[in-house]
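To start, the structure under review is shown below, and the notes come after it.
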Amino acid sequence: MDAAVERIVEELIKAESHQSPVEPLTARYSGLTVSDAYQIQLEVIRKKLKEGHAVIGKKVGLTSKAMQQMLGVDEPDYGHLLTDMKIDDQATVKVAEFINPRVEAEIGFILEQDLVGPNVNYLDVLMATKYVVPTIEIIDSRISDWNIKLVDTVADNGSSARVVVGKKLSTIAGLDLRTQGMVLYQNEVPVATGAGTAALGHPAQAVAWLANKLSEFGMMLKAGELILPGSLSSAVAVKAGDTISAHFGQLGKVSVTFE
């Protein structure tokens, strides 16, 4: 499988840089396992780090039942967030930089302490959290037509592309993130709603899942990292001319425009 892994790594890097999707990996490599897929993801990240990028955080994907049903999977996945993926609140991005972009609204966690699995629980996450922040994740699939299974999206860095980070930083004292609501607007029209419970029952539970999953690879969540715990609703497709904003009540809001 090593030769196939290297071939897939090069395919995915080229697909992202040229905005040219590839056919589903699972349709071409029947023996590809989830473990293989994480190996592919980590090798892609290693190559990007050699190019000068740095890891600024990680994301959990497929934590909501809506997203699992949409993509036909039954467990979460994760991906890496790199320096070139971060976008400021109210920025404008070019649709041409993506293949088939969609957006998700998430409650981001900024850690004050490391989280090392395998026995992390959601209370550990809350104690290790410095701030929560409103975010919009722009997801994109380097796999043609989003025709993906779990192995495909894991290999493809959890289908991650960019993260738009809001300006308001909130401490978690007095917050119930499980019931924290969100309304997602597309051109000032509400198109999705959700609450923190969509992310594995509690966003901090999703972060705990990630810390424990990473321990299988000898990795951990680090102080200062931005962690995205998963979407609070189904993803929304976007096109040039769209302005997307996510409103999280007392946590504030975040927006991005596509051109």
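The values are calculated or read from the model by the stated rules, or taken from the named source; none is laboratory data. All values reported here derive from a predicted model rather than from experimental measurement. Every residue, glycine among them, receives a Cβ derived from its backbone with ideal geometry; neighbour counts consider all protein chains shown. Side chains are part of the model used for accessible areas, which takes the heavy atoms of the whole protein and leaves out ligands, DNA and RNA. Shrake-Rupley method; radii C 1.70, N 1.55, O 1.52, S 1.80 Å.
So the check is Cβ under 8 Å with 6+ separation or different chains; which pairs have a first residue in the stretch 15-35 that's farther than 16 Å from residue 144 by Cβ and open to solvent by 40 Å² or more (accessible area, probe 1.4 Å) and a second one that's of a type in the set (S, T, N, Q) and in a loop (DSSP other than H, G, I, E, B)?
From residues that are farther than 16 Å from residue 144 by Cβ and open to solvent by 40 Å² or more (accessible area, probe 1.4 Å), there are no pairs.
Here is a list of conditions, (1) under 23 Å from residue 234 (Cβ atoms); (2) open to solvent by less than 10 Å² (accessible area, probe 1.4 Å), and residue 188 meets all of them except one; can you say which number that is?
(2)
Among the residues of the stretch 133-185, count how many are farther than 11 Å from residue 107 by Cα, part of a strand (DSSP E or B) and in contact with a strand residue (DSSP E or B) (Cβ under 6 Å, 6 or more places away or on another chain).
Adding up the residues that qualify gives 10.
Kindly indicate whether any position in the stretch 77-88 is crowded, with 17+ Cβ neighbours inside 10 Å, under 24 Å from residue 190 (Cβ atoms) and of a type outside the set (Val, Ile, Thr).
Taking every residue of the stretch 77-88 in turn, none turns out to be crowded, with 17+ Cβ neighbours inside 10 Å, under 24 Å from residue 190 (Cβ atoms) and of a type outside the set (Val, Ile, Thr).
Would you be able to tell me the number of residues in the stretch 36-54 that are open to solvent by 70 Å² or more (accessible area, probe 1.4 Å), closer than 14 Å to residue 79 by Cα and not basic (Lys, Arg)?
Total meeting the criteria: 1.
If you check every pair at least six apart or on different chains, which have Cβ atoms under 9 Å apart with a residue in the stretch 78-98 that is at positive phi first and a residue that is surrounded by fewer than 16 Cβ atoms within 10 Å (Cβ to Cβ) second?
So the pair list comes out as 90/167.
Quick check on the stretch 206-213. Is at least one of its residues out of contact with any Leu (no Cβ under 8 Å at 6 or more places or on another chain) and either on the phi > 0 side of the Ramachandran plot or surrounded by fewer than 23 Cβ atoms within 10 Å (Cβ to Cβ) (or both)?
Yes: the stretch 206-213 contains one or more residues that are out of contact with any Leu (no Cβ under 8 Å at 6 or more places or on another chain) and either on the phi > 0 side of the Ramachandran plot or surrounded by fewer than 23 Cβ atoms within 10 Å (Cβ to Cβ) (or both).
Kindly indicate whether any position in the stretch 239-246 is charged (D, E, K, R) and farther than 20 Å from residue 95 by Cβ.
No: the stretch 239-246 contains no residue that is charged (D, E, K, R) and farther than 20 Å from residue 95 by Cβ.
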